[in-house]
Amino acid sequence: MEKKLSDQSIDELRRSLTGTIILPVDAEYDKARRGFNALIDRRPAVIARCVGSEDIAAAFDFAWSHDLEVAVRGGGHNPAGHCVSDGGLVIDLSQMRTVEVDAEARTARSQGGATWLDFDSATQAHGLVTPGGVVVSTGVVGLSLGGGIGHLTAQYGLTCDHIIDAEIVTPDGEVFHANADENPELLWGLRGGGGNFGVVTRLEFRLHPLEQVIGGRLVYRGAGVREALLRYRDVVERSPRDLSCQVSLGIDESLVPVLEIDPCYTGPDADPEALRKLRSVPGLIQDEVRKLPFLEQQRVIDTAYGEKRHYWKGHFVRELPDELLDELLNRISVLGRPPGGIMIESLHGAPKDTDGPPGAVGFRDATFNVSVLAVWQDPALDAEQIAWAREGAAAIEPWSFSGGGYVNYMQADEPIERVRAAFGNETFDRLQKLKQKYDPHNILHRNQNIPPF
Ligand SMILES: Cc1cc2nc3c(=O)[nH]c(=O)nc-3n(C[C@H](O)[C@H](O)[C@H](O)COP(=O)(O)OP(=O)(O)OC[C@H]3O[C@@H](n4cnc5c(N)ncnc54)[C@H](O)[C@@H]3O)c2cc1C
């Protein structure tokens with residue numbers, strides 16, 4: 001239902017912001033309210049395009065005094081569509097996208113609305129990287145707050161492990177800094193606990209030198225797909241730290257299985273053994289693996305924004321036995337048409353380092369993240385596609401690491417027990433204490449929510 005604000009209230013908000021507002025009558029409204037997932041079609045009362053912490057504090061204040069639900073928008077990628085709410089106020093950070101690099105200190109400061117394209121372009125200008133997401137339109141902060149898995153996970157660890165400093169605005173308008181000396185508990189919570197504590201205006205990251213990788217994609221079709229899946233599992237289980245690797249299993253229009261493997265190798269070999277092993281599996285129909293600049297590697301997995309309907313569900317798993325891979329091969333073809341895909345991300349290598357920075361993230365000891373990604377266009381298929389993803393996730397559950405999924409991929413209908421399981425009881429209780437301190441009224445609840453009580 002559309003909530004109508006009085007002209008006087010709108011003027012009041014406009015005057016209180018340096019940034020701009022977008023209303024349902026404005027031409028930009030439809031574009032501004034849409035996120036990555038076309039399944040989400042919500043109509044906020046007002047979108048506040050904030051340009052700094054004072055704007056964010058003013059937007060919180062306005063939402064409080066007009067009883068408006070608050071949503072926070074970074075890159076708009078969250079599959080749950082948490083960045084927009086019906087009749088509410090959106091704190092839209094799309095005008096806050098500056099990324100500053102200190103090449104000597106090997107650090108970068110990203111504003112709260114920057115995307116990975118903004119970030120990687122700025123850091124690669126100095127031959128530096130932090131491990132981020134694989135689709136460049138994803139928000140840096142949204143991804144980092146939930147953990148962050150990508151093309152450099154094995155080499156350097158999770159994105160959230162690289163956060164060294166943060167600035168947030170809490171719903172009562174206060175500004176807090178978090179780093180090793182100031183509010184270290186908040187820093188711990190921001191490393192995995194999601195957007196529960198405030199709007200992040202700035203995150204600072206550690207960087208590593210890297211310009212070139214051996215990356216791209218390998219595509220297999222037909223009978224060789226099963227063997228390619230087994231080979232993938234066996235290669236990454238040996239934990240090569242210089243090879244990150246994720247795969248996507250699907251079927252084509254002729255209902256033949258197809259597997260895409262996306263390796264990213266950063267070691268010294270020109271022809272690494274692990275890649276030779278992957279390439280030698282029969283059924284390889286496309287080999288685009290080659291030396292390429294990191295920015296090009298970040299374009300290997302690209303996906304249209306706002307066009308398709310998405311419903312994702314999955315589990316971190318303890319292991320990836322043949323039985324589970326056979327179950328995934330079975331699940332991908334049960335609908336008798338391409339339903340989307342099943343993605344497997346490996347967590348070998350650096351995420352397991354025990355001397356890494358402490359954080360709330362709850363999945364680093366799992367072996368793989370297995371996600372059933374229903375992707376479709378026709379609204380008439382909604383129920384069937386959603387059921388397919390849910391049944392697929394249920395089939396993976398016997399191998400689940402904790403019963404919880406990846407908070408960054410969760411839909412809005414996940415019960416609180418699954419969010420709790422994603423962290424484990426002890427961490428969840430500790431996050432609740434942080435929530436009591438920074439957002440005791442749970443104003444920020446459009447997220448994978450940690451309720452204060
Ligand atoms: C196509 C696609 C590819 C993806 N690839 C990866 C990947 O490679 N690796 C990975 O780990 N994840 C990946 N994700 C998941 C993604 O990291 C999460 O969905 C993340 O929440 C998206 O952040 P966003 O800012 O783009 O989204 P939004 O929908 O704008 O924001 C999502 C939520 O993040 C929080 N948030 C965002 N910005 C701020 C801020 N500045 N302050 C406080 N809270 C904030 C809010 O709670 C908000 O509701 C992908 C998702 C999609 C759809």
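No value in this document is a laboratory result; all are computed from the given coordinates. From a predicted model like this one, the values you see are computed outputs, not experimental measurements. Ideal geometry is used to build each Cβ from the backbone, glycine not excepted, and the neighbour counts take in all protein chains shown.
With all pairs of different C-alpha atoms in the average, the Kirkwood value for the hydrodynamic radius of the stretch 149-223 is 14.7 Å. The share of Cα pairs per 10 Å bin across the stretch 231-328, counted from zero up to the longest distance, runs 10, 40, 37, 12, 0 percent.
Sorted into 5 angstrom bins from 0, the C-alpha pair distances of the stretch 303-378 split as 3, 12, 20, 20, 15, 14, 10, 5, 2, 0 percent.
Using packing as a proxy for protection, rank 215-224, 83-92 so that the peptide with the highest average count of other Cβ atoms within 10 Å comes first.
Values: 215-224: 18.9, 83-92: 23.4.
The packing order, highest mean first, is 83-92, 215-224.
What is the chain by shape, rounded, prolate or oblate, if you read a ≥ b ≥ c off the alpha carbon gyration tensor as root eigenvalues and call it rounded for a/c under 1.5, prolate for a/b larger than b/c, and oblate otherwise? Prolate shape, in that a/c is at least 1.5 and a/b is the bigger ratio.
What does the convex hull of the alpha-carbon atoms of the stretch 195-252 project to on average, in nm²?
Working: hull surface 30.9 nm².
Quarter of the Cα hull surface area: 7.7 nm².
So what's the stretch 5-95 giving for Rg/Rh, alpha carbon basis, Kirkwood Rh from the mean inverse pair distance?
Working: Rg = 12.0 Å, Rh = 12.9 Å.
Reported Rg/Rh, Kirkwood definition of Rh: 0.93.
Under the combined filter of DSSP loop state and at most 15 neighbouring Cβ atoms within 10 Å, the stretch 1-88 retains these GluC sites (Glu not before Pro): Glu2, Glu28.
Along the axis of the charge dipole computed for the stretch 130-226 (Cβ charges of +1 for Lys and Arg, -1 for Asp and Glu, origin at the Cα centre), the listed residues Phe197, Tyr156, Gly142 are led at the positive end by Tyr156. Take every pair of alpha-carbon atoms less than 8 Å apart whose residues are at least six positions apart; their mean separation over the length of the stretch 202-317 yields a relative contact order of 40 percent.
How about the stretch 1-58: which trypsin sites (Lys or Arg not before Pro) there lie in a loop by DSSP and see at most 12 other Cβ atoms within 10 Å?
On the way: sites: Lys3, Lys4, Arg14, Arg15, Lys31, Arg33, Arg34, Arg42, Arg49; in loops: Lys3, Lys4, Arg34, Arg42.
Of the trypsin sites (Lys or Arg not before Pro), the ones in loops of the stretch 1-58 whose Cβ has at most 12 other Cβ atoms within 10 Å are Lys4.
Debye-formula intensities of the stretch 109-234, expressed as log10 I(q)/I(0) at q = 0.10, 0.15, 0.21, 0.23 Å⁻¹, are -0.38, -0.72, -1.16, -1.32 (one equal scatterer per alpha-carbon, no solvent).
Could you sort out which of Lys277/Lys352; Lys313/Lys433; Lys291/Lys313; Lys313/Lys352; Lys308/Lys352 sit more than 31 Å apart by Cα distance in this structure? As for pairs spanning more than 31 Å Cα to Cα, those are Lys291/Lys313; Lys308/Lys352. Only helices enter this figure: runs of n ≥ 4 DSSP H residues, each worth -39500 (n - 2.57), summed and divided by the residues of the chain, yield -8000 deg cm²/dmol at 222 nm to the nearest 500.
For the stretch 335-408 versus the stretch 260-305, the spacing of their alpha-carbon centroids is 22 Å. Semi-axes of the equivalent ellipsoid of the stretch 25-69 are 22, 13, 10 Å, computed as sqrt(5λ) over the eigenvalues of the C-alpha gyration tensor in descending order.
Report the gain in length on full extension from His177 to Ile285: 0.36 nm times residue separation, minus Cα-Cα distance, nm rounded to one decimal.
On the way: separation 108, 0.36 × 108 = 38.88 nm, distance 5.09 nm.
Result: 33.8 nm gained on full extension.
Dimensions of the stretch 62-106 based on its C-alpha atoms, expressed as ranges along the principal axes with the largest first, amount to 47, 27, 15 Å. Apply the a/c threshold of 1.5 to the C-alpha gyration tensor of the stretch 366-407 and tell me whether it is rounded, prolate or oblate. Judged from the Cα gyration tensor, the stretch 366-407 comes out prolate (a/c at least 1.5, a/b above b/c). For the chain, the relative contact order works out to 16 percent when only alpha carbon pairs closer than 8 Å and six or more residues apart are counted.
Per the Kirkwood formula applied to alpha carbons, the stretch 243-390 shows a radius of gyration over Rh ratio, Rg over Rh, of 0.98.
Per residue, how big is the convex hull around the C-alpha atoms of the stretch 46-183? Give it to me in cubic angstrom, could you?
Working: hull volume 15.2 nm³, N = 138.
Per residue, the Cα convex hull of the stretch 46-183 comes to 110 Å³.
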